[in-house]
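S.K.: Questions regarding the structure given below will be posed in turn.
Readers should treat all values here as calculations from the given coordinates under stated rules, not as data from a laboratory. Keep in mind that what you see is a predicted model, and the values were worked out from it rather than measured. All Cβ positions, glycine included, derive from the backbone under ideal geometry; neighbour counts span all protein chains shown.
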């Protein structure tokens, strides 16, 4: 890694809080050796890139397999954006307004690229996660409030997504197995995966789970949408000045540009570098144009994939559900059930399979991003590339988010109402975080010669203003 700044900020040296408490009773080493805390081999990153972590741009010269090898955090971030709650939002948009919101997939695409590329850029240059970078640059109270809200929103979202995955599993059994019976096994499966599997295996599992999103592309083929109407709705924005349409536009913005994705993108970039052998901040600090180009390609593909899936879900719901009068769809599982008599059991089955796959991908991302945000703010170490025994506090935060979401589902809290609360929280917290990201990505003292370009910076500011306007609109609508 390049180290253009000879005096980088001191790394966060605070000991793990749980280990610090335990050491008062049973003496522990201050910091275990790097080899002892890694969950997997340190000779290659999870994406298969060489030991520089992001220096694998040369992989592009190896053709399609090299290209797939290069993809990592950006692809997983994009795929996890289409979680069951997002699928429910897109299904609702299609069922209520037909193809009227298809253009939103095209409109939000460059905004998502700019935001996630800025997060990746900051992590690659500073060698630390977004929470740490924000805490070092901006008032701690402001950053701390934002992170608390992100953690709460993620936990609520986990509960809604657990319920959706369980509902999808129930649909596959013909409703013979009740969703409540599946909640605990699903939560345990996800928890064990995060605690026990090596970092490399976890990320390869994530990559395979992204394939589940192709279920929604296949569903479009099955339902045969009208070509002319589809092209028209895609290229010509449709706007209605009424409460319901504005509400769904706000919901789509909040679903596609979610704060947890900002922290996940940057933290997973750092974990990639750790897994590739750069265990200290000094080793990770500084980046190169080749690494930034590789990250940009990864983000572009991930966001393209995310918006393609969004487009296909709205198109399917608009073609089948809206045209048949099913305009009251509020969740992904309702959409899957409604498709069965209208588009055939195959479409319903594929929709349900996609629901399960996306949930199994999104829930670990939600819990891990919450843990990353908190630990980066307080300055202690931890990550999916390190063992639970060496970083217990980080994994306790993951378990808290997972158990909190599970309790929400077990207690039968209305998932639709919970997602409304999540949308409000995300809508309030996203604009200030986006403003801080825009300022940080252009800060010469932090980013040096690797500051965001003018176009990228303008797009991030547009995203911040749109999210701010969306938050105000949502609050006014509710009041």
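S.K.: Of (i) 50, 22, 21; (ii) 35, 25, 21; (iii) 35, 29, 24, which is the value of semi-axes √(5λ) of the Cα gyration tensor in Å derived from the coordinates here?
M.R.: (ii)
S.K.: What distance in nm lies between label points placed 7 Å from Cα along the C-beta direction at residue 201 and residue 232?
M.R.: Spacing of the two 7 Å Cα→Cβ label points: 5.4 nm.
S.K.: Treating the angle as unsigned and between 0 and 90°, give the value, to the nearest 10°, between the Cα long axis of helix 289-316 and the longest Cα principal axis of the chain.
M.R.: With both axes taken from Cα atoms, the answer is about 20 degrees.
S.K.: Then there's this: When the chain is fully extended, how far beyond the present Cα-Cα distance does residue 180 get from residue 411, taking 0.36 nm per residue of separation?
M.R.: Full extension from residue 180 to residue 411 adds 82.1 nm.
S.K.: Obtain the nm distance between the two label points defined at residue 20 and residue 173 by a simple spin-label model: each point lies 7 Å from its Cα along the Cα-to-C-beta direction.
M.R.: 4.6 nm
S.K.: Simple spin-label model, 7 Å along Cα-to-Cβ: residue 138 to residue 224 in nm?
M.R.: So the label points at residue 138 and residue 224 sit 5.1 nm apart.
S.K.: How big is the gap, in Å, between the Cα center of the stretch 66-133 and the Cα center of the stretch 376-449?
M.R.: Taking the Cα centre of each part, the stretch 66-133 and the stretch 376-449 sit 16 Å apart.
S.K.: Give me the percent relative contact order of the stretch 119-226, please, defined on Cα pairs under 8 angstrom at least 6 residues apart.
M.R.: Relative contact order, the stretch 119-226: 11 percent.
S.K.: Over the C-alpha atoms of the stretch 290-376, what are the Rg and the largest Cα-to-Cα span, Dmax, in Å?
M.R.: So, for the stretch 290-376, Rg and Dmax equal 17.0, 51 Å respectively.
S.K.: Angle between the Cα long axis of helix 140-172 and the longest principal axis of the chain, 0 to 90 degrees, nearest 10?
M.R.: Orientation of helix 140-172: about 50 degrees from the principal axis.
S.K.: While we're here: Between residue 293 and residue 106, how high is the FRET efficiency from 1/(1 + (r/R0)^6) when r is the Cβ-Cβ distance and R₀ = 22 Å? Nearest 0.05.
M.R.: Efficiency, from the Cβ-Cβ distance: 0.35.
S.K.: So if R0 is 25 Å, what FRET efficiency would residue 475 and residue 378 give, r being the distance between their Cβ atoms, rounded to the nearest 0.05?
M.R.: E(calc), rounded to 0.05, equals 0.25.
S.K.: Turning to a different aspect of this structure: For a protection proxy built on the mean count of beta-carbon atoms within 10 angstrom, sort 146-159, 219-232, 458-471 highest first, please.
M.R.: 146-159, 458-471, 219-232
S.K.: Hey, could you grab the Kirkwood Rh for the stretch 187-335? Inverse mean 1/r over distinct alpha carbon pairs, Å, one decimal.
M.R.: That comes to 18.9 Å for the stretch 187-335.
S.K.: Now for a separate question. Taking neighbour counts of Cβ atoms within 10 Å as a proxy for exposure, in what order, fewest first, do 81, 16 appear?
M.R.: Ranked by crowding around the Cβ, least crowded first: 16, 81.
S.K.: Counting helices only, and only those DSSP H runs with n ≥ 4, report the 222 nm mean residue ellipticity of the chain as the sum of -39,500 (n - 2.57) divided by its residues, in deg cm²/dmol to the nearest 500.
M.R.: Counting only the DSSP helices, I get -23500 deg cm²/dmol.
S.K.: Please compute the contact order of the stretch 53-478 in relative form: average sequence separation of alpha-carbon pairs under 8 Å and at least six residues apart, divided by the residue count, as a percent.
M.R.: 38 percent
S.K.: Mind pulling the angle between the C-alpha long axis of helix 199-209 and the longest principal axis of the chain? Nearest 10 degrees, somewhere in 0 to 90.
M.R.: Value to nearest ten degrees: 10.
S.K.: Show me 118-125, 163-170 ranked by packing, highest mean number of other Cβ atoms within 10 Å first.
M.R.: Per-residue Cβ counts within 10 Å, averaged per peptide and sorted highest first, yield 118-125, 163-170.
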